[in-house]
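Step one of this worksheet: look at the structure below.
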Amino acid sequence: MKHQTLDQLHAVADINPLVPLATRTEKIERWAELLDSNPLRCLAALTGTEYLYPGMREEARAAGSPLTVAFEDPLLRASGLRSDTYGEARRFFELSDWQLHEVVCSCHAGATMQAGWAAQRVRRIVTGNRLLGWLRSRFTH
């Protein structure tokens, strides 16, 4: 392998360094975009995340899950995503267990899900569930 300077590489290739995503919303929106880029892709669900002991839940993963889609992305990895485990996704995307459970658990989708369905669930984290918000406003005021 020949060592070349960045200037030499620019002469033969278009190099755009990855600028890490800074905000929670940017990271979550990127994840949803990745899922939507192939909406019919069949993804694996994680089984029974709500029943796992906390330590086991942190390490839970499934090959080919929505979390794998996020971890496959160079931009999310450059932004600090270290693995496709449940605990790492919860930390990186700043999610509650309930929020992440809604996206990845088999009790919502069965053993597999389409990526487009998962993208809708991921976007709901940012936009919120409008029906629940409306109901809360009716009963709390």
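The values are calculated or read from the model by the stated rules, or taken from the named source; none is laboratory data. As the structure is a computational prediction, the values presented were derived from the model and not from experiment. Heads up, the Cβs are rebuilt from the backbone with ideal geometry, glycines too, and the neighbour counts pull from every protein chain shown.
Couple of notes before you dig in:
- Residues (surrounded by 20 or more Cβ atoms within 10 Å (Cβ to Cβ) and in a helix (DSSP H, G or I)) located in segment 72-89: 76, 86, 89
- When residue 109 is tested against the conditions (1) at pLDDT 95 or above; (2) more than 29 Å from residue 20 (Cβ to Cβ); (3) among the hydrophobic types (A, V, I, L, M, F, W, C); (4) crowded, with 16+ Cβ neighbours inside 10 Å, the lone failure is (1).
- Residues being among the hydrophobic types (A, V, I, L, M, F, W, C), surrounded by 13 or more Cβ atoms within 10 Å (Cβ to Cβ) and at pLDDT 95 or above - total across segment 1-43: 6
- Qualifying residue in segment 51-62 (condition: among the hydrophobic types (A, V, I, L, M, F, W, C), surrounded by fewer than 16 Cβ atoms within 10 Å (Cβ to Cβ) and touching a Leu at 6+ places or on another chain (Cβ under 7 Å)): no
- Residues satisfying the stated conditions in segment 67-110, i.e. among the acidic types (Asp, Glu) and more than 20 Å from residue 39 (Cβ to Cβ): 88, 94, 97
- Filtered residues of segment 49-78 (kept if at pLDDT 95 or above and among the acidic types (Asp, Glu)): 58, 59, 72, 73
- Residue 46 meets the conditions (1) modelled with pLDDT under 95; (2) over 19 Å from residue 25 (Cα atoms) in every case but one. The failed one is (1).
- Conditions (1) at negative phi; (2) surrounded by fewer than 15 Cβ atoms within 10 Å (Cβ to Cβ); number of the one not met by residue 46: (2)
- Checking 90, 61, 82 one by one, the residue that is basic (Lys, Arg) and touching a Phe, Trp or Tyr at 6+ places or on another chain (Cβ under 7 Å) is 61 and no other.
- Test: residue in segment 79-90 that is closer than 17 Å to residue 121 by Cα, within 10 Å of the chain's Cα centre (by Cα) and of a type in the set (A, V, I, L, M): yes
- One residue stands out in segment 49-71 among those that are outside any helix (DSSP H, G or I) and not aromatic (Phe, Trp, Tyr): the one that is nearest to residue 28 (Cα to Cα), namely 65.
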